[in-house]
Structures are given as structure tokens and as C-alpha cells.
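The structure appears below as C-alpha cells.
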Amino acid sequence: MHCPYGYPSFYMPYVPSHPVPIPHRDPASSCLQTAIQHTAEAVQGEREDELFYQYLISVAPTQEQKDIIASIRDDERKHNQMFRQIYRDFTGQELQPSNGETFTKPESYIKGIQQALFGELKAVERYRVIWQCLPEGKYRDMLFEIITDELKHASKYNFLFTLNK
């Protein structure tokens, strides 16, 4: 059997090492309720990330690095709006903006980059839980976009870390 791209096919089905729960798609399901709760928490987290990244922009050593972090910050703003829309569509309620978001200044720019890198990877793990509990279609597509952006951000922070190490 050959792959359509000319590579040999070594099909190995994915077998998880632990049971993967299959979420119910009933809007009242506990899985969907968990997704809604995590979505509300994500709005808070994305806002905190935005503030942290704004700080990193202010201390970045070059305009190129400032621009890279600014592009990440702008994505975080977009994610905040997407999470708000998901929450509104499932609950019929608006999440009220909170002005209490803060962040802890890192001891150095490089420590901040390192913290941001691992923060992005941790966000991917949290957002996969939301993705698993959402119904097929639009909302999963939105989470897929957010998750892939977070992975892209981690790669950019890895680049910045390498530049400054």
C-alpha cells in the first residue's frame, strides 16, 4: 500500500495509552459544562497573557522582537473575543470584563520569554479539554484555530529564547 504522495505507507492506528472519555454532546452534559467553565477561565487567562506580553514588548531589546511579541499579543486579543463568543453562544450571557488582572514581572527578559513559552504550551493542554467537550463544527474549529495559534506562539518564543541565550 502506498501513500498518495509517494511515501511508503506504514499505517499504525492511534491507540491511546489511557482511556479517552467520549464526551456527550447533550448541552446539559457535565463535559460541556466543564468546557463552559474552562472557557470563562480562558478569557481571564488570555487577558493576563495580553498584559504580560505588553510588558515583554516594553523590555524587548530590538524592534524585531517587539514586533514578534506584538503579533502574539494581538492573537491573544483575538482569542479573548473568540472565547467570549463561545461562552455567550452556550450560556446566553456576556462575561463581564474584570479589571483585576495582574501579572508578576519576571526577573529578566529571558526569564519572561521562558515563562511565556511554557505558558503557551500549558494553554494548549487546557484548551484541548475544551475542544474535546464542544460539539462538532464551528466551536471546535474556533478552538482548533486557538490551539494552533498557541503552538505557533510557543515556536516564536522558542526562537526569541534562542536569539537571546
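Looking at segment 31-95, the accessible area is 45 square angstrom per residue; that uses a 1.4 Å probe and ignores ligands, DNA and RNA.
Lys and Arg at +1, Asp and Glu at -1: add these up for the other residues within a Cβ distance under 11 Å of K152 and post the number. Display every interim value, and only then the final one.
Working: positive: K156; negative: D75, E120, E145, D149, E150.
Value of the local net charge: -4.
Of the peptides 143-156, 59-72, the order by per-residue mean of other Cβ atoms within 10 Å, starting with the highest, comes out as 143-156, 59-72.
Put a dot 7 Å past the Cα of V129, heading toward its Cβ, do the same for Q37, and the two dots end up 0.8 nm apart. Label zone of L95 (point 7 Å out along Cα→Cβ, amide N under 17 Å): in segment 141-165 this covers 141-150.
The values are calculated or read from the model by the stated rules, or taken from the named source; none is laboratory data. From a predicted model like this one, the values you see are computed outputs, not experimental measurements. Cβ sites come from the backbone with ideal geometry, for glycine too, and all protein chains shown count toward neighbours. The area values use the complete protein model at the heavy-atom level, side chains included, leaving out ligands, DNA and RNA. Shrake-Rupley method; radii C 1.70, N 1.55, O 1.52, S 1.80 Å.
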